[in-house]
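What follows is one structure encoded as C-alpha coordinates, with my remarks underneath.
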(Lines give C-alpha, C1' and ligand atoms only; values in the text may rest on other atoms or scores of the structure.)
Protein backbone atom coordinates (compact mmCIF):
# COMPACT_ATOMS: atom_id res chain seq x y z
CA UNK A 1 0.00 0.00 0.00
CA UNK A 2 1.44 3.34 -1.06
CA UNK A 3 1.86 6.44 1.11
CA UNK A 4 -1.18 8.00 -0.57
CA UNK A 5 -3.27 4.90 0.14
CA UNK A 6 -2.11 4.94 3.77
CA UNK A 7 -3.20 8.56 4.07
CA UNK A 8 -6.57 7.67 2.55
CA UNK A 9 -6.93 4.88 5.10
CA UNK A 10 -6.24 7.29 7.96
CA UNK A 11 -8.83 9.71 6.57
CA UNK A 12 -11.44 6.97 6.26
CA UNK A 13 -10.96 6.00 9.90
CA UNK A 14 -11.16 9.45 11.48
CA UNK A 15 -13.30 10.37 14.49
CA UNK A 16 -16.13 11.86 12.42
CA UNK A 17 -16.59 8.57 10.60
CA UNK A 18 -16.34 6.64 13.87
CA UNK A 19 -19.30 8.57 15.27
CA UNK A 20 -21.56 7.59 12.34
CA UNK A 21 -22.11 3.95 13.47
CA UNK A 22 -22.28 5.05 17.11
CA UNK A 23 -25.08 7.53 16.34
CA UNK A 24 -26.89 5.02 14.09
CA UNK A 25 -26.81 2.34 16.77
CA UNK A 26 -27.94 4.60 19.60
CA UNK A 27 -30.66 6.16 17.43
CA UNK A 28 -32.04 2.70 16.59
CA UNK A 29 -32.04 1.67 20.27
CA UNK A 30 -33.74 4.92 21.33
CA UNK A 31 -36.36 4.45 18.58
CA UNK A 32 -37.10 0.93 19.85
CA UNK A 33 -37.38 2.22 23.43
CA UNK A 34 -39.69 5.16 22.62
CA UNK A 35 -41.79 3.13 20.18
CA UNK A 36 -42.47 0.42 22.77
CA UNK A 37 -42.81 2.45 25.96
CA UNK A 38 -46.59 2.08 25.99
CA UNK A 39 -46.82 -1.46 24.64
CA UNK A 40 -47.87 -4.26 27.00
CA UNK A 41 -46.28 -7.63 27.73
CA UNK A 42 -46.93 -10.47 30.09
CA UNK A 43 -44.14 -10.84 32.66
CA UNK A 44 -43.64 -12.98 35.74
CA UNK A 45 -45.27 -11.36 38.75
CA UNK A 46 -42.78 -9.96 41.24
CA UNK A 47 -42.74 -11.03 44.86
CA UNK A 48 -45.67 -9.34 46.60
CA UNK A 49 -47.65 -8.93 43.36
CA UNK A 50 -50.75 -10.93 42.58
CA UNK A 51 -50.50 -12.49 39.13
CA UNK A 52 -53.52 -12.31 36.85
CA UNK A 53 -52.74 -14.88 34.14
CA UNK A 54 -51.12 -18.25 33.50
CA UNK A 55 -49.24 -19.34 30.39
CA UNK A 56 -50.94 -22.04 28.29
CA UNK A 57 -48.67 -22.32 25.21
CA UNK A 58 -51.61 -22.08 22.81
CA UNK A 59 -49.40 -22.35 19.72
CA UNK A 60 -47.49 -25.36 21.11
CA UNK A 61 -44.05 -23.94 20.31
CA UNK A 62 -42.66 -24.30 23.82
CA UNK A 63 -41.96 -20.55 24.05
CA UNK A 64 -43.50 -17.95 26.31
CA UNK A 65 -44.61 -15.42 23.68
CA UNK A 66 -45.02 -12.47 26.05
CA UNK A 67 -46.81 -10.19 23.60
CA UNK A 68 -49.36 -12.79 22.44
CA UNK A 69 -52.55 -12.59 24.52
CA UNK A 70 -53.69 -15.99 23.19
CA UNK A 71 -50.80 -17.52 25.14
CA UNK A 72 -52.26 -16.49 28.52
CA UNK A 73 -55.52 -17.19 30.31
CA UNK A 74 -56.96 -15.29 33.31
CA UNK A 75 -56.20 -16.97 36.62
CA UNK A 76 -56.50 -16.00 40.26
CA UNK A 77 -53.00 -15.67 41.71
CA UNK A 78 -51.48 -16.61 38.35
CA UNK A 79 -47.78 -16.58 37.60
CA UNK A 80 -47.94 -13.74 35.05
CA UNK A 81 -49.16 -10.17 35.02
CA UNK A 82 -49.58 -7.71 32.14
CA UNK A 83 -47.45 -4.57 32.35
CA UNK A 84 -46.43 -1.73 30.05
CA UNK A 85 -42.80 -1.39 28.99
CA UNK A 86 -42.66 1.76 31.08
CA UNK A 87 -43.67 -0.23 34.18
CA UNK A 88 -41.26 -3.06 33.38
CA UNK A 89 -38.35 -0.62 33.11
CA UNK A 90 -39.39 1.01 36.37
CA UNK A 91 -39.55 -2.36 38.16
CA UNK A 92 -36.13 -3.53 37.01
CA UNK A 93 -33.55 -3.80 39.79
CA UNK A 94 -29.90 -4.74 39.64
CA UNK A 95 -29.16 -7.75 41.81
CA UNK A 96 -26.37 -10.30 42.24
CA UNK A 97 -27.72 -12.53 39.46
CA UNK A 98 -27.81 -9.64 36.98
CA UNK A 99 -24.27 -8.61 37.93
CA UNK A 100 -22.94 -12.16 37.53
CA UNK A 101 -24.68 -12.53 34.15
CA UNK A 102 -23.11 -9.29 32.86
CA UNK A 103 -19.75 -10.43 34.21
CA UNK A 104 -20.26 -13.65 32.24
CA UNK A 105 -20.94 -11.56 29.10
CA UNK A 106 -17.71 -9.65 29.65
CA UNK A 107 -15.80 -12.92 30.06
CA UNK A 108 -17.28 -14.11 26.74
CA UNK A 109 -15.96 -10.95 25.02
CA UNK A 110 -12.46 -11.58 26.44
CA UNK A 111 -12.55 -15.26 25.37
CA UNK A 112 -13.69 -14.24 21.89
CA UNK A 113 -10.75 -11.86 21.44
CA UNK A 114 -8.20 -14.26 22.96
CA UNK A 115 -9.37 -16.93 20.52
CA UNK A 116 -8.85 -14.59 17.56
CA UNK A 117 -5.44 -13.48 18.86
CA UNK A 118 -4.31 -17.08 19.37
CA UNK A 119 -5.57 -18.01 15.88
CA UNK A 120 -3.65 -15.25 14.11
CA UNK A 121 -0.48 -16.37 15.89
CA UNK A 122 -1.08 -19.92 14.67
CA UNK A 123 -1.79 -18.86 11.09
CA UNK A 124 1.31 -16.63 10.95
CA UNK A 125 3.49 -19.41 12.36
CA UNK A 126 4.19 -17.43 15.52
CA UNK A 127 5.85 -14.61 13.56
CA UNK A 128 3.66 -12.07 15.32
CA UNK A 129 4.23 -11.37 19.00
CA UNK A 130 1.28 -11.44 21.39
CA UNK A 131 1.24 -7.64 21.39
CA UNK A 132 1.35 -7.47 17.59
CA UNK A 133 -1.37 -10.14 17.37
CA UNK A 134 -3.55 -8.13 19.76
CA UNK A 135 -3.12 -4.97 17.67
CA UNK A 136 -3.80 -6.83 14.41
CA UNK A 137 -7.07 -8.26 15.77
CA UNK A 138 -8.20 -4.95 17.26
CA UNK A 139 -7.50 -3.13 13.98
CA UNK A 140 -9.19 -5.92 12.00
CA UNK A 141 -12.30 -5.60 14.18
CA UNK A 142 -12.04 -1.81 13.86
CA UNK A 143 -11.98 -2.02 10.06
CA UNK A 144 -14.96 -4.40 10.08
CA UNK A 145 -16.88 -2.07 12.40
CA UNK A 146 -16.16 0.91 10.15
CA UNK A 147 -17.21 -0.69 6.87
CA UNK A 148 -20.60 -2.00 5.72
CA UNK A 149 -21.07 -5.62 6.79
CA UNK A 150 -21.55 -6.65 3.17
CA UNK A 151 -18.06 -5.27 2.39
CA UNK A 152 -16.27 -6.35 5.57
CA UNK A 153 -12.74 -5.53 6.64
CA UNK A 154 -10.83 -8.24 4.75
CA UNK A 155 -9.14 -5.83 2.33
CA UNK A 156 -7.78 -3.76 5.20
CA UNK A 157 -6.87 -6.96 7.06
CA UNK A 158 -4.52 -8.00 4.24
CA UNK A 159 -2.77 -4.64 4.50
CA UNK A 160 -2.54 -4.91 8.31
CA UNK A 161 -0.95 -8.38 8.22
CA UNK A 162 1.35 -7.45 5.31
CA UNK A 163 2.57 -4.34 7.14
CA UNK A 164 3.55 -6.56 10.08
CA UNK A 165 6.26 -8.04 7.85
CA UNK A 166 4.30 -10.93 6.31
CA UNK A 167 4.63 -11.10 2.52
CA UNK A 168 1.54 -10.03 0.56
CA UNK A 169 0.75 -13.49 -0.76
CA UNK A 170 0.85 -15.08 2.67
CA UNK A 171 -1.08 -12.14 4.15
CA UNK A 172 -3.75 -12.70 1.49
CA UNK A 173 -3.77 -16.46 2.11
CA UNK A 174 -4.07 -15.92 5.90
CA UNK A 175 -6.98 -13.52 5.38
CA UNK A 176 -8.74 -16.01 3.11
CA UNK A 177 -8.04 -18.94 5.46
CA UNK A 178 -9.39 -16.91 8.39
CA UNK A 179 -12.59 -16.23 6.45
CA UNK A 180 -12.73 -19.89 5.45
CA UNK A 181 -12.45 -21.09 9.06
CA UNK A 182 -15.16 -18.65 10.16
CA UNK A 183 -17.48 -19.80 7.40
CA UNK A 184 -16.80 -23.51 8.03
CA UNK A 185 -17.78 -23.00 11.66
CA UNK A 186 -21.03 -21.38 10.51
CA UNK A 187 -21.70 -24.00 7.81
CA UNK A 188 -21.26 -26.82 10.34
CA UNK A 189 -23.07 -25.21 13.27
CA UNK A 190 -26.29 -24.30 11.41
CA UNK A 191 -27.35 -27.91 10.61
CA UNK A 192 -26.34 -29.02 14.14
CA UNK A 193 -28.65 -26.40 15.68
CA UNK A 194 -31.40 -27.24 13.18
CA UNK A 195 -31.19 -30.93 14.16
CA UNK A 196 -31.19 -30.21 17.90
CA UNK A 197 -34.09 -27.74 18.04
CA UNK A 198 -35.67 -27.79 14.58
CA UNK A 199 -36.01 -24.88 12.18
CA UNK A 200 -39.61 -23.88 12.97
CA UNK A 201 -38.75 -21.80 16.06
CA UNK A 202 -35.62 -20.17 14.61
CA UNK A 203 -37.36 -17.72 12.28
CA UNK A 204 -39.43 -14.81 13.61
CA UNK A 205 -42.68 -14.22 11.74
CA UNK A 206 -41.87 -10.69 10.58
CA UNK A 207 -41.60 -9.05 7.17
CA UNK A 208 -38.43 -7.37 5.98
CA UNK A 209 -40.51 -5.16 3.69
CA UNK A 210 -43.96 -5.03 2.19
CA UNK A 211 -42.66 -6.59 -1.01
CA UNK A 212 -41.77 -9.83 0.82
CA UNK A 213 -44.01 -12.35 2.49
CA UNK A 214 -43.89 -13.39 6.14
CA UNK A 215 -41.35 -16.08 5.28
CA UNK A 216 -38.91 -13.55 3.82
CA UNK A 217 -36.37 -13.95 6.65
CA UNK A 218 -36.35 -17.70 6.08
CA UNK A 219 -35.82 -17.24 2.33
CA UNK A 220 -33.12 -14.63 2.91
CA UNK A 221 -31.38 -16.91 5.41
CA UNK A 222 -31.22 -19.87 3.03
CA UNK A 223 -29.96 -17.68 0.17
CA UNK A 224 -27.27 -16.28 2.48
CA UNK A 225 -26.36 -19.71 3.85
CA UNK A 226 -25.84 -21.30 0.44
CA UNK A 227 -23.91 -18.24 -0.74
CA UNK A 228 -21.56 -18.74 2.24
CA UNK A 229 -21.15 -22.40 1.25
CA UNK A 230 -20.30 -21.31 -2.33
CA UNK A 231 -17.84 -18.62 -1.17
CA UNK A 232 -16.09 -21.02 1.21
CA UNK A 233 -15.72 -23.56 -1.61
CA UNK A 234 -14.05 -20.90 -3.80
CA UNK A 235 -11.58 -20.08 -1.01
CA UNK A 236 -10.79 -23.76 -0.44
CA UNK A 237 -10.16 -24.31 -4.14
CA UNK A 238 -8.28 -21.05 -4.75
CA UNK A 239 -5.96 -20.97 -1.75
CA UNK A 240 -5.48 -24.59 -0.67
CA UNK A 241 -6.18 -26.74 -3.72
CA UNK A 242 -5.65 -24.84 -7.02
CA UNK A 243 -3.64 -21.66 -6.36
CA UNK A 244 -2.50 -21.57 -10.02
CA UNK A 245 -6.17 -21.32 -11.04
CA UNK A 246 -6.57 -18.51 -8.52
CA UNK A 247 -3.62 -16.65 -10.05
CA UNK A 248 -4.99 -17.03 -13.57
CA UNK A 249 -8.39 -15.78 -12.36
CA UNK A 250 -6.75 -12.67 -10.88
CA UNK A 251 -4.91 -12.09 -14.15
CA UNK A 252 -8.11 -12.42 -16.19
CA UNK A 253 -9.94 -10.00 -13.93
CA UNK A 254 -7.14 -7.45 -14.19
CA UNK A 255 -7.02 -7.80 -17.96
CA UNK A 256 -10.24 -5.77 -18.09
CA UNK A 257 -9.34 -2.29 -19.26
CA UNK A 258 -10.29 -0.30 -16.11
CA UNK A 259 -8.33 -2.79 -13.95
CA UNK A 260 -5.20 -3.18 -16.10
CA UNK A 261 -3.15 -0.95 -13.82
CA UNK A 262 -3.51 -3.61 -11.09
CA UNK A 263 -2.34 -6.50 -13.30
CA UNK A 264 1.31 -6.43 -12.21
CA UNK A 265 0.34 -6.34 -8.52
CA UNK A 266 -2.24 -9.11 -9.06
CA UNK A 267 0.36 -11.32 -10.78
CA UNK A 268 2.77 -10.78 -7.89
CA UNK A 269 0.03 -11.59 -5.40
CA UNK A 270 -0.82 -14.74 -7.37
CA UNK A 271 2.83 -15.87 -7.28
CA UNK A 272 2.99 -15.29 -3.54
CA UNK A 273 -0.29 -17.15 -2.96
CA UNK A 274 1.14 -20.14 -4.86
CA UNK A 275 4.17 -20.11 -2.54
CA UNK A 276 1.99 -19.63 0.55
CA UNK A 277 -0.39 -22.36 -0.58
CA UNK A 278 2.46 -24.85 -0.64
CA UNK A 279 3.38 -23.77 2.87
CA UNK A 280 -0.21 -24.03 4.11
CA UNK A 281 -0.73 -27.46 2.52
CA UNK A 282 2.47 -28.62 4.19
CA UNK A 283 1.22 -27.74 7.67
CA UNK A 284 0.65 -30.64 10.08
CA UNK A 285 -2.87 -31.69 11.08
CA UNK A 286 -2.40 -30.14 14.53
CA UNK A 287 -1.96 -26.72 12.89
CA UNK A 288 -5.49 -26.92 11.45
CA UNK A 289 -6.96 -28.46 14.60
CA UNK A 290 -5.60 -25.59 16.71
CA UNK A 291 -6.75 -22.94 14.23
CA UNK A 292 -10.26 -24.36 13.94
CA UNK A 293 -10.53 -24.94 17.71
CA UNK A 294 -9.66 -21.28 18.28
CA UNK A 295 -12.31 -20.37 15.69
CA UNK A 296 -14.97 -22.45 17.44
CA UNK A 297 -14.14 -21.00 20.85
CA UNK A 298 -14.21 -17.42 19.53
CA UNK A 299 -17.51 -17.73 17.68
CA UNK A 300 -19.21 -19.65 20.49
CA UNK A 301 -18.15 -16.95 22.96
CA UNK A 302 -19.24 -14.27 20.48
CA UNK A 303 -22.79 -15.64 20.37
CA UNK A 304 -23.05 -16.55 24.06
CA UNK A 305 -22.29 -12.93 24.96
CA UNK A 306 -25.90 -12.09 24.12
CA UNK A 307 -27.15 -15.12 26.04
CA UNK A 308 -25.53 -13.77 29.20
CA UNK A 309 -26.80 -10.22 28.59
CA UNK A 310 -30.37 -11.51 28.24
CA UNK A 311 -29.92 -13.47 31.48
CA UNK A 312 -29.02 -10.20 33.21
CA UNK A 313 -32.37 -8.65 32.30
CA UNK A 314 -34.68 -11.68 32.31
CA UNK A 315 -35.17 -12.94 35.85
CA UNK A 316 -36.70 -16.22 34.71
CA UNK A 317 -33.75 -18.20 33.33
CA UNK A 318 -36.01 -21.06 32.30
CA UNK A 319 -35.58 -20.40 28.57
CA UNK A 320 -33.77 -22.28 25.84
CA UNK A 321 -30.19 -21.07 25.66
CA UNK A 322 -29.75 -23.07 22.46
CA UNK A 323 -32.70 -21.27 20.85
CA UNK A 324 -31.16 -17.87 21.66
CA UNK A 325 -27.89 -19.15 20.19
CA UNK A 326 -29.67 -20.52 17.11
CA UNK A 327 -31.60 -17.32 16.44
CA UNK A 328 -28.32 -15.45 16.48
CA UNK A 329 -27.05 -17.74 13.71
CA UNK A 330 -30.06 -16.69 11.62
CA UNK A 331 -29.77 -13.02 12.62
CA UNK A 332 -26.08 -12.98 11.62
CA UNK A 333 -27.03 -13.47 7.94
CA UNK A 334 -29.36 -10.44 8.16
CA UNK A 335 -26.55 -8.35 9.66
CA UNK A 336 -24.14 -9.64 7.00
CA UNK A 337 -26.02 -7.89 4.19
CA UNK A 338 -26.42 -4.63 6.09
CA UNK A 339 -25.33 -1.52 4.11
CA UNK A 340 -24.47 0.37 7.32
CA UNK A 341 -21.03 0.32 9.03
CA UNK A 342 -20.78 -2.85 11.11
CA UNK A 343 -24.51 -3.40 10.71
CA UNK A 344 -25.14 -0.46 13.03
CA UNK A 345 -28.82 0.39 13.32
CA UNK A 346 -29.84 -2.81 11.51
CA UNK A 347 -28.40 -5.01 14.28
CA UNK A 348 -30.39 -3.26 17.00
CA UNK A 349 -33.66 -3.47 15.06
CA UNK A 350 -33.02 -7.13 14.16
CA UNK A 351 -32.43 -7.89 17.83
CA UNK A 352 -35.83 -6.45 18.71
CA UNK A 353 -37.52 -8.67 16.11
CA UNK A 354 -35.70 -11.90 16.91
CA UNK A 355 -36.04 -11.80 20.69
CA UNK A 356 -39.34 -10.04 21.37
CA UNK A 357 -40.80 -13.48 22.21
CA UNK A 358 -38.44 -13.71 25.19
CA UNK A 359 -37.72 -10.19 26.40
CA UNK A 360 -40.30 -7.49 27.22
CA UNK A 361 -40.19 -4.82 24.53
CA UNK A 362 -39.01 -2.01 26.83
CA UNK A 363 -35.98 -4.00 27.95
CA UNK A 364 -34.97 -4.94 24.39
CA UNK A 365 -33.68 -1.41 23.74
CA UNK A 366 -31.57 -1.53 26.91
CA UNK A 367 -30.28 -4.99 25.98
CA UNK A 368 -29.44 -3.75 22.47
CA UNK A 369 -27.36 -0.88 23.89
CA UNK A 370 -25.51 -3.13 26.37
CA UNK A 371 -24.93 -5.75 23.66
CA UNK A 372 -23.39 -3.23 21.27
CA UNK A 373 -21.42 -1.56 24.07
CA UNK A 374 -19.72 -4.89 24.75
CA UNK A 375 -19.37 -6.29 21.23
CA UNK A 376 -19.13 -3.31 18.87
CA UNK A 377 -18.43 0.16 20.27
CA UNK A 378 -15.19 -0.83 22.12
CA UNK A 379 -13.54 -1.84 18.84
CA UNK A 380 -14.34 1.55 17.30
CA UNK A 381 -12.62 3.50 20.06
CA UNK A 382 -9.82 1.00 20.69
CA UNK A 383 -9.02 0.86 16.98
CA UNK A 384 -8.90 4.64 16.72
CA UNK A 385 -6.53 4.75 19.71
CA UNK A 386 -4.23 1.98 18.41
CA UNK A 387 -4.11 3.00 14.71
CA UNK A 388 -1.66 5.97 14.84
CA UNK A 389 0.70 4.15 17.21
CA UNK A 390 0.52 1.01 15.06
CA UNK A 391 1.39 3.00 11.92
CA UNK A 392 4.45 4.41 13.71
CA UNK A 393 5.58 0.97 14.97
CA UNK A 394 5.07 -0.88 11.68
CA UNK A 395 6.80 1.88 9.68
CA UNK A 396 10.08 0.51 11.08
CA UNK A 397 9.15 -3.02 9.98
CA UNK A 398 8.29 -1.73 6.51
CA UNK A 399 11.65 0.03 6.21
CA UNK A 400 13.63 -3.04 7.26
CA UNK A 401 11.68 -5.79 5.42
CA UNK A 402 13.38 -7.49 2.49
CA UNK A 403 12.74 -6.42 -1.09
CA UNK A 404 13.12 -9.88 -2.65
CA UNK A 405 10.47 -10.92 -5.16
CA UNK A 406 8.95 -14.43 -5.19
CA UNK A 407 9.85 -16.61 -8.14
CA UNK A 408 7.01 -16.71 -10.74
CA UNK A 409 5.49 -20.17 -11.07
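Observations on the model:
- Any hit, region 204-214, residues being modelled with pLDDT of 90 or more and either out of contact with any strand residue (DSSP E or B) (no Cβ under 6 Å at 6 or more places or on another chain) or not assigned by TED's automatic domain parsing to the domain that holds residue 333 (or both): no
- When residue 198 is tested against (1) touching a helix residue (DSSP H, G or I) at 6+ places or on another chain (Cβ under 7 Å); (2) free of Cβ contacts under 8 Å to residues at least 12 places away in the same chain, exactly one condition is not met: (1).
- Of the criteria (1) more than 20 Å from residue 311 (Cα to Cα); (2) surrounded by 17 or more Cβ atoms within 10 Å (Cβ to Cβ); (3) under 30 Å from the mean Cα position of the chain (by Cα), which one residue 37 fails: (2)
- Number of the condition not met by residue 73 [criteria: (1) touching a helix residue (DSSP H, G or I) at 6+ places or on another chain (Cβ under 9 Å); (2) without any contact (Cβ under 8 Å) to a residue 24 or more places away in the chain; (3) not assigned by TED's automatic domain parsing to the domain that holds residue 378]: (1)
The rows are residues; the columns are (1) part of a loop (DSSP other than H, G, I, E, B); (2) touching a strand residue (DSSP E or B) at 6+ places or on another chain (Cβ under 8 Å).
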| site | (1), (2) |
| --- | --- |
| 73 | no, yes |
| 81 | no, yes |
| 99 | no, no |
| 106 | no, no |
| 116 | no, no |
| 127 | yes, no |
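- Subset tally (residues that are out of contact with any helix residue (DSSP H, G or I) (no Cβ under 6 Å at 6 or more places or on another chain) and at pLDDT 90 or above) for region 129-157: 4
- Residue identified as at pLDDT 90 or above, touching a helix residue (DSSP H, G or I) at 6+ places or on another chain (Cβ under 9 Å) and buried (at least 21 other Cβ atoms within 10 Å of the Cβ) among 326, 362, 343: 326
- Residue 290 being surrounded by fewer than 18 Cβ atoms within 10 Å (Cβ to Cβ), in contact (Cβ under 8 Å) with a residue 60 or more places away in the chain and in a helix (DSSP H, G or I): yes
- Region 38-55 - residue that is assigned to a strand (DSSP E or B) and in contact (Cβ under 8 Å) with a residue 60 or more places away in the chain and, of those, farthest from residue 83 (Cα to Cα): 44
- Matching option when the condition is modelled with pLDDT under 80, more than 16 Å from residue 32 (Cα to Cα) and touching a strand residue (DSSP E or B) at 6+ places or on another chain (Cβ under 7 Å), among 404, 338: 338
The values are calculated or read from the model by the stated rules, or taken from the named source; none is laboratory data. Note that this is a predicted model, so its numbers are computed, not measured. Positions of Cβ are backbone-derived with ideal geometry, glycine not excepted, and every protein chain shown enters the neighbour counts.
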